[in-house]
Amino acid sequence: MKNPGPPGDLYLASTSSARKALMDGLGLPYRTEAPGVDEHVPAHLSALEAVAMLAARKARAVQERHPDAWVLGADQLVEVEGRTLGKPRDRDAARTQLQGLLGHTHAIHTGVCLVGPGGHVAEAVESTRLTFFPLPAEELERYLDTGEWEGCAGSYRVEGQGQALLEKLEGDRTNVQGLPMLSVVRLLRRAGFVFFTRP
Ligand SMILES: Nc1nc2c(ncn2[C@H]2C[C@H](O)[C@@H](COP(=O)(O)OP(=O)(O)OP(=O)(O)O)O2)c(=O)[nH]1
């Protein structure tokens, strides 16, 4: 039987275990490859523009190595009171990030870009708003002890113990984990991908 869906392999241009876990849930055959791009963007860009630019940069970098393939790239930033946060470099940076989030509402913006053969380009940026409880310092230290801050923009895992930080969440929960799956499915379906082909 002809392999359903558009010709060409599907790549996730990411080193993120969270993104891989989300893509695994879709059941589509795909490969992962590190994008290996410079993640600096012009300082005047908004968070929404920055994640859109970086998602496209990551997707195109992998597509250059595999011109006949489909490539999905993603990038995420946290925005709180006009400041943007990426992944903390260490525990102290994670503490500082979380101190700015506790008792406040912030937005997680994730850009996704699907590129394919013949110049196909489709993009989306999704935002999820989260409100955290105000917590005492010793509880923050206990959360830092979980180590969930490592590798996460904003220093928390919404699907882990970090859900106990959450007073309110508005929008796509998977968007917080690293991929807005409602948008990802929409981009893939519009590109002709076929689902449920592997029991
Ligand atoms: N498991 C989990 N991961 C999260 C959560 N919030 C953020 N993250 C992760 C997903 C991404 O790996 C990372 C966002 O940083 P980036 O967009 O720069 O991606 P990263 O450099 O990790 O991977 P990539 O550029 O795709 O190779 O934070 C969460 O609530 N749960």
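Each value in this text was obtained by applying a stated rule to the coordinates, not by laboratory testing. Everything numeric here is computed off the predicted structure, so don't read it as measured data. Cβ atoms come from the backbone with ideal geometry, glycine included; neighbour counts cover every protein chain shown.
General remarks:
- Pairs linking a residue in the range 143-167 that is over 18 Å from residue 86 (Cα atoms) to a residue that is more than 8 Å from the ligand (Cβ to nearest atom) and among the hydroxyl-bearing types (Ser, Thr, Tyr), with Cβ atoms under 6 Å and 6 or more positions apart or on different chains, are 161/146; 167/131.
- Residue identified as under 30 Å from residue 195 (Cβ atoms), within 17 Å of the chain's Cα centre (by Cα) and more than 12 Å from the ligand (Cβ to nearest atom) among 34, 69, 56, 74: 56
- The range 160-198, subset away from the ligand (no atom under 16 Å from the Cβ) and in a loop (DSSP other than H, G, I, E, B), residue surrounded by the fewest Cβ atoms within 10 Å (Cβ to Cβ): 198
- Of the strands (runs of 3 or more DSSP E) lying entirely inside the range 1-91, those containing at least 2 residues that are of a type in the set (A, V, I, L, M, F, W, C) and under 22 Å from residue 180 (Cα atoms) span 10-13, 70-80.
- Some residue of the range 13-20 being more than 12 Å from the ligand (Cβ to nearest atom), in contact with a Leu (Cβ under 6 Å, 6 or more places away or on another chain) and under 28 Å from residue 148 (Cβ atoms): no
- Residue count for the range 109-129, restricted to those that are crowded, with 17+ Cβ neighbours inside 10 Å and in contact with an Asp or Glu (Cβ under 8 Å, 6 or more places away or on another chain): 8
- Any hit, the range 110-125, residues being under 14 Å from residue 152 (Cα atoms), among the hydrophobic types (A, V, I, L, M, F, W, C) and assigned to a strand (DSSP E or B): no
- Qualifying positions in the range 106-130 - more than 12 Å from the ligand (Cβ to nearest atom) and either of a type in the set (D, E, K, R) or under 19 Å from the mean Cα position of the chain (by Cα) (or both): 107, 114, 115, 121, 122, 123, 124, 125, 126, 127, 129
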